[in-house]
Structures are given as structure tokens and as C-alpha cells.
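Novice: Submitted below is the structure of interest, expressed as C-alpha cells.
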Amino acid sequence: MSDPSKSTICQHITAAALAAKTGEAVLLDVRSPIEFETEQIPNSRNLPLDELNSRFDEVPRTGQLVVICRSGKRAERGAYILLGRGFQPTVLEGGLLAWRKAGLPVKEGKKMLSIERQIQLIVGTGVLAGAILGTFVDRWFLLIPAFFGAGLTFAGLTGTCGLAILLSKASWNQLAPRASAGTQESLRGTASGAGPKKNCCN
């Protein structure tokens with residue numbers, strides 16, 4: 001018989017329920033480092049979704065593991081990756097947006113243009129330019145908004161946005177080496193049991 005304590009279905013927790021935890025939760029934020037640097041739930045650790053498979057050994061195996069992203073979509077994907085590695089993660093329902101909406105504390109850093117807004121600007125500009133050029137110059141330019149429309153449809157169906165992946169690798173969306181190294185050290189220290197246990201809501 002299978003172990004009932006080992007679920008293969010992703011569990012969720014509300015912002016209010018998570019806020020009620022006092023030192024029990026390990027908060028793992030799977031957003032990009034630039035997003036994490038801009039705003040984060042206090043005492044959360046950053047491990048980007050695209051690095052989760054190669055760095056899962058840095059994730060703590062003690063305490064309730066809660067996976068976080070902006071809206072909950074990436075966190076759910078990350079949770080299923082961790083499920084496959086033997087973890088029993090929980091996803092913060094609604095992500096950081098729901099946490100903010102509940103009036104819970106958020107640690108804010110340097111304000112930068114988020115990747116989501118960069119995508120909106122690129123797609124919006126591309127669609128507008130393609131429509132104008134297609135109307136007044138050559139109808140072939142209408143392929144530009146069609147291309148962006150197809151890309152958004154694919155992203156919606158699969159949960160994978162190629163433009164977001166490309167932008168996350170861009171030089172202006174990279175943190176300074178010292179900040180990145182500090183995040184990795186924090187994860188390693190937690191995974192090895194070093195350092196004090198912190199309240200997720202302080």
C-alpha cells in the first residue's frame with residue numbers, strides 16, 4: 001500500500017492560514033532573482049523555477065515547505081517538480097498578489113521594471129507597430145501582431161512564456177554577483193540546518 005502521507009497532488013494554503021504559522025513554514029520563492037529583489041515575503045528564500053531541478057538539493061527537508069510566486073502559477077509548477085523529488089510542498093494560493101491583498105507584510109527592495117511589465121511593453125508595442133504598418137505600408141506587417149498573438153496563446157496553454165525566459169536572461173535583469181551569491185548561501189545554510197529558525201510573518 002502507498003504511504004498516505006506522501007501525496008502526489010499539489011496542496012494549497014491561503015495567505016491568512018500561512019500568516020498564522022509561527023516558524024513552522026519554509027518559504028521558497030521561485031520567481032526570478034530580479035522579481036525577488038524588488039519585493040518578497042519576509043524570511044522567504046529565492047530559488048528560480050528554471051534552476052529548481054538542478055538545485056533541489058539546496059531546498060530544506062524540514063518544516064512545512066511553501067512555494068511562492070507572483071500569482072501561484074509558477075509556484076504550482078515548482079511544487080510538482082519538488083513532489084517528484086520526494087518533497088511534500090504546499091503552494092501559496094494566489095501568490096504574492098493574494099498576500100498583499102490580505103494586508104500582510106512585504107519586504108520591498110529597489111524598484112525595477114518587472115519582467116511581466118517588460119513583456120507587456122514589448123507585446124503592446126509590437127502589436128501596435130504591426131497594425132499601423134500593416135494598414136498604411138504593407139499588409140505583410142500584419143504578421144507581427146499575429147506572431148505575438150500566437151505566442152500569448154501558446155503561453156496561456158502551456159504555462160511557458162518564451163519571451164519571459166529570454167528576458168530573464170537579459171543583462172539588465174540580472175542581479176549583481178554578490179546579491180546572487182548571498183541568496184545561494186542562505187539556501188545552503190537553511191538546507192544544512194544552520195542558522196536560527198525564523199517566523200515567516202516577522
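Novice: Name the residue that is surrounded by the most Cβ atoms within 10 Å (Cβ to Cβ), counting only residues in the range 99-149 that are in the same structural domain as G162 (by TED's automatic domain parsing) and of a type in the set (F, W, Y).
Specialist: For the range 99-149, the residue satisfying everything is F148.
Novice: Against the condition farther than 24 Å from Q174 by Cβ and charged (D, E, K, R), how does R85 come out, does it pass?
Specialist: For R85, the condition - farther than 24 Å from Q174 by Cβ and charged (D, E, K, R) - is met.
Novice: Among the residues of the range 64-75, are any touching a His at 6+ places or on another chain (Cβ under 9 Å), assigned by TED's automatic domain parsing to the domain that holds R45 and in a helix (DSSP H, G or I)?
Specialist: no
Novice: Out of (1) surrounded by fewer than 14 Cβ atoms within 10 Å (Cβ to Cβ); (2) in contact with an Asp or Glu (Cβ under 7 Å, 6 or more places away or on another chain); (3) among the aliphatic types (A, V, I, L, M), what's the single condition that is false for L47?
Specialist: Only one criterion in (1) surrounded by fewer than 14 Cβ atoms within 10 Å (Cβ to Cβ); (2) in contact with an Asp or Glu (Cβ under 7 Å, 6 or more places away or on another chain); (3) among the aliphatic types (A, V, I, L, M) is unmet by L47, namely (1).
Novice: For the range 102-180, list the helices (runs of 4 or more DSSP H) that sit wholly inside it and hold at least 3 residues that are in contact with a Pro (Cβ under 7 Å, 6 or more places away or on another chain) and modelled with pLDDT of 85 or more; which are they?
Specialist: Here the list reads 115-136.
The values are calculated or read from the model by the stated rules, or taken from the named source; none is laboratory data. Predicted model, so just to flag it, every value in this text is computed and none were measured. Here Cβ is always computed from backbone atoms with ideal geometry, including for glycine, and neighbour counts include all displayed protein chains.
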